[in-house]
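Below: the structure, in structure tokens.
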Amino acid sequence: MPIAVYGHYGFALLLVPTAAADYLEYERFQLIDALAPLINSGKVKVFSVDSINKESWLNDGVDPALKGFRHNRWNEYIYHEVLPFIKYKTSQETPIYVSGASFGALHAANLFLKRPDLLDGFIAMSGVYDLTEYTKGYFDMEVYFNSPMHYIPNLTDHTILQTIRSKPHLHIVTGSGSYENPDFSRRFSEVLHRKAIPHELDIWGPDIPHDWPSWRRMLPYYLETRF
């Protein structure tokens, strides 16, 4: 699977596409251009990967049980191929943060929460963190273990929780404009709060819709002001 790489130095930022998009989506919609000052100054090195949502959660032509199996193969690809590649292209000490918008926000948060030993935090923009919003009511253990709204409330492993709590960059960001639903972010924030997981919830105003101009503002702002 292809990976787009932008920049030479800085901490690593892994971008996960929205919905049925590909590894060049963030470039096509000028988000990479919006990050250019940070990339060119050596603050951040960006890695953008493909999703397989069209083959998994968004594929209505397969048995629903197969969707989760396929998505877990993608999770393992990220953990066992992409992250080592990022370390090879940076260093073993370089922190790796993951970010995405819309469906990519759910995947970004999920990737971190499942393996906080491998990732250092997330910036989730305009997300829905209950995977059943995408499964048309289907629910099994694969859905459960990829839906933070379901598995985080029941997470009791002290080591995993302490690892999550030790990471300073968990950012949940959303607008309140057209096609945004900030209640999804509020509910996700409450789930983290109940587990004493430090994070930032930031709800932008009604002038911020669920669209690329919003994410082109959000992500550079967070990288500039929080990192």
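Which trypsin sites (Lys or Arg not before Pro) in the range 17-93 sit in a loop by DSSP (not H, G, I, E or B) and have at most 13 other Cβ atoms within 10 Å of their own Cβ? Taking the range 17-93 and a limit of 13 other Cβ atoms within 10 Å, the loop trypsin sites (Lys or Arg not before Pro) found are Lys54. Taking every DSSP bridge with both residues inside the chain, close to 15 percent are antiparallel. In the range 1-101, what chymotrypsin sites (Phe, Trp or Tyr not before Pro) fall in a loop by DSSP, with at most 15 other Cβ atoms inside 10 Å? Hits after loop and neighbour filter: Tyr9. Pairs of Lys residues in the range 3-226 that lie 8 or more places apart, or on two chains, and have C-alpha atoms under 13 angstrom apart add up to 4. Beyond 21 Å, the tail of the calculated P(r) for the range 24-127 holds 39 percent of the Cα pairs.
Relative to the current alpha-carbon distance between Tyr88 and Arg165, full extension at 0.36 nm per residue lengthens the span by 25.1 nm. For the range 3-226, the spread of Cα coordinates along the three principal axes comes to 45, 40, 39 Å, biggest extent given first. Cα-based values for the range 4-57, radius of gyration first and Dmax second, are 11.8, 38 Å. Applying a DSSP loop filter and a limit of 10 other Cβ atoms within 10 Å to the GluC sites (Glu not before Pro) in the range 58-164 leaves Glu93.
With K and R counted +1 and D and E -1, the other residues having a Cβ less than 11 Å from that of Ser178 yield a net charge of -3.
Bear in mind these aren't lab numbers, they're just calculated from the coordinates by the rules spelled out. Just so you know, these numbers come straight off a predicted model, no measurement behind them. Counting neighbours? That spans all protein chains shown, and the Cβs are built from the backbone with ideal geometry, glycine included.
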